[in-house]
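Participant: Quick one: the structure is below, questions incoming.
Every number here is computed from the coordinates shown, using simple stated rules; none is lab data. Here the structure is a predicted model, which is why all the values come from computation and not from measurement. Glycine also receives a Cβ, built like all others from the backbone with ideal geometry; neighbour counts cover every protein chain displayed.
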Amino acid sequence: IRTLKALGALHAVSDTNRARAEGFASEQDCLAIEPDQLFVRDDIDAIIMALPPQFHADLAVRAVENGKDVLVEKPIALTVADAERSVQAAKDNKRVF
């Protein structure tokens, strides 16, 4: 989060734990956004996903299908099939993955 802020690339943080998101947002002077809102807001064009890996594939696909570029912390997915599904969804939606 600090690195993104230093690069001028941090607009918002999100976490299922609202207090944690608000704490990071306050420290970095950015927005705290509910996780579901990341996928539908027009002011969000890319998402960095640092989640438990079992959520990576489904949420990456959801993001690219909603027009967001995605960087997923490794592993990209827990199975090759899920990784391939994520990559294909990005290609189909012309998003950076």
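Participant: Please give the length that would be gained between D69 and N17 if that part of the chain were fully extended, namely 0.36 nm times their separation in residues minus their C-alpha to C-alpha distance (nm, one decimal).
Facilitator: Here the segment from D69 to N17 would lengthen by 16.4 nm.
Participant: Skipping prolines and chain starts, which residues have an amide H placed within reach, meaning under 5 Å, of the one on I44, given they are 5 or more residues away or on another chain?
Facilitator: none
Participant: Between F55 and C30, how many nm apart are label points set 7 Å from Cα along the C-beta direction?
Facilitator: 1.7 nm
Participant: Neighbour counts of other C-beta atoms within 10 Å: give me I1, I47 arranged from fewest to most.
Facilitator: The order, fewest Cβ neighbours first, is I1, I47.
Participant: Next question. Can you list residues from other chains, or at least 5 along the same chain, whose modelled amide H is less than 5 Å from the amide H of A12?
Facilitator: Amide H neighbours of A12, under 5 Å, 5+ apart: L31.
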